[in-house]
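Enquirer: Here it is, the structure in full.
The values are calculated or read from the model by the stated rules, or taken from the named source; none is laboratory data. Predicted model, so just to flag it, every value in this text is computed and none were measured. As a convention, Cβ positions derive from the backbone with ideal geometry for all residues, glycine included, and neighbour counts pool all protein chains shown. Note: accessible area is taken over every heavy atom of the protein model, side chains too, but ligands, DNA and RNA are not part of it. Shrake-Rupley method; radii C 1.70, N 1.55, O 1.52, S 1.80 Å.
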Amino acid sequence: MTETEEKQERELKVADRCDSCGSQAFVLVKGVSGELMFCGHHFDKNEDALKKFAYEIIDERSFIN
């Protein structure tokens, strides 16, 4: 890594799992009544409803290989 490259710190870990299917989670949705984690597919499928629920969404889908 060069001095100009910045390492992005991830909030979600490999062990974090999608609440819908159990795959690796790449999106963390924080709502007033709790947190939900989703794989990219299930977040995309439910994005409109989740945006209404959430006060913060941490989207790490850019890390999907």
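Enquirer: With every protein chain kept in place and ligands, DNA and RNA left out, what is the accessible area per residue of the chain? Probe 1.4 Å, answer in Å².
Expert: In whole numbers, the chain has 74 Å² accessible per residue.
Enquirer: Further question on the same structure: Around Lys45, under 14 Å between beta carbons, what's the net of Lys plus Arg minus Asp minus Glu among the other residues?
Expert: It works out to a net charge of -2.
Enquirer: While we're here: Going toward the positive end of the dipole of the chain, with +1 on Lys and Arg Cβ and -1 on Asp and Glu Cβ, which of Val32, Ile57, Leu12 do you reach last?
Expert: Selected residue: Val32.
Enquirer: Okay, next question. Rounding to the nearest 20 debye, state how big the charge dipole of the chain is about its Cα centre with +1 on each Lys and Arg Cβ and -1 on each Asp and Glu Cβ.
Expert: In total the dipole reaches around 300 debye.
Enquirer: Specify the angular offset, from 0 to 90 degrees and rounded to the nearest 10, of the alpha carbon long axis of helix 40-53 from the longest principal axis of the alpha carbons in the chain.
Expert: Helix 40-53 and the main axis of the chain meet at about 60 degrees.
Enquirer: Considering only protein heavy atoms and a probe of 1.4 Å, how much of the accessible area of the chain is carbon and sulfur, as a whole percent?
Expert: About 47 percent, which is the carbon plus sulfur part of the accessible surface.
Enquirer: Sticking with this structure for a sec: Rg(Cα) of the chain divided by 2.2 N^0.38 Å?
Expert: 1.21
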